[in-house]
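The values are calculated or read from the model by the stated rules, or taken from the named source; none is laboratory data. Bear in mind that the values here come from a model prediction, so they are computed numbers and not experimental data. Cβ sites come from the backbone with ideal geometry, for glycine too, and all protein chains shown count toward neighbours. Each accessible area value is taken on the protein alone, full model and side chains, heavy atoms only, with ligands, DNA and RNA left out. Shrake-Rupley method; radii C 1.70, N 1.55, O 1.52, S 1.80 Å.
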Amino acid sequence: MLRYLTRDQVALVAALVLPPAVCALLLPFRGGMSNTHAALVLVVVVVAVAVLGHRLAGALAALSAAVWFDFFLTRPYERFAIVKSADLATAVLLLVVGVAVSQLAARTRELKVIAITDDDYLAQIHHTARLVESAAGPDAVVGHVRRQLVGLLGLTSCRFEYGTLIGRPPRLLEDGSLSWGRRHWDADRDGLPGEEIELRVSRGGRFHGRFMLRAAPGAAPPLAARLVAVTLANQVGAAFESVSPVRA
């Protein structure tokens, strides 16, 4: 069953299951182990869940750890009650520290994902630039960039129209924003519109054509991805300019 779950879904399941499971494993040692040591073990569990998943999973694991710490490892046992002020302080600190550390772990994971994504963006730009320099021809560059745009922006289809500006579809602008007629479309909040989106290809003031992008439902590429798409379109324009005006 777990093989059908995403990584974040597995983290949420772990946030609910691991803390009580670890507390149960500590039951034979609760008489000789200080509650502080037990709390530190549970903090490790919270960090592991946060690294695996996201912020919500980490916070849920911290809450679960504090609850089951109270139930299994503080007197009176097997009751949701704490009679000693020291145990209460430990439970509260477990919750607070667990939430704080889990958020830091989740942030570290997010920064790692951003770094990997940025490397991928740079690699795509580099590959296209090399193709332009190889004098492969505008058609080859158009086909290459069209495939890149599908994966980059989460598209169901992408086609290229040579030298035409029919209609007034939503347009992806140079700064990565979208306009639809006179209206600004908030792509960060609303994702990409359901209509075909125009990404123009021009160079040196000359218009060569446009990519027509059809986004998948719910596609919401970040600003960085949209800026990379614009850069790739500009490289297509450079490919057109590298040939004679007649060929272009």
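Please state which one of 215, 238 is surrounded by 20 or more Cβ atoms within 10 Å (Cβ to Cβ) and of a type outside the set (Phe, Trp, Tyr). Please lay out each step first, then the result.
On the way: 238 fails: surrounded by 20 or more Cβ atoms within 10 Å (Cβ to Cβ).
Within the list 215, 238, the selection yields 215.
What tally of residues in region 15-34 results from selecting those that are open to solvent by less than 50 Å² (accessible area, probe 1.4 Å) and either of a type in the set (Asp, Glu) or closer than 12 Å to residue 46 by Cβ (or both)?
Of the residues in that region, 3 qualify.
If you go through region 1-14 one residue at a time, how many are more than 22 Å from residue 103 (Cβ to Cβ) and either at pLDDT 85 or above or open to solvent by 60 Å² or more (accessible area, probe 1.4 Å) (or both)?
Of the residues in region 1-14, 4 are more than 22 Å from residue 103 (Cβ to Cβ) and either at pLDDT 85 or above or open to solvent by 60 Å² or more (accessible area, probe 1.4 Å) (or both).
Within region 56-81, can you find the residues that are more than 26 Å from the chain's Cα centre (by Cα) and open to solvent by less than 50 Å² (accessible area, probe 1.4 Å)? Talk me through it step by step, then tell me what you get.
Quick first cut of region 56-81, residues more than 26 Å from the chain's Cα centre (by Cα) only: 65-81.
Within region 56-81, 65, 66, 69, 70, 71, 72, 73, 74, 76, 81 qualify.
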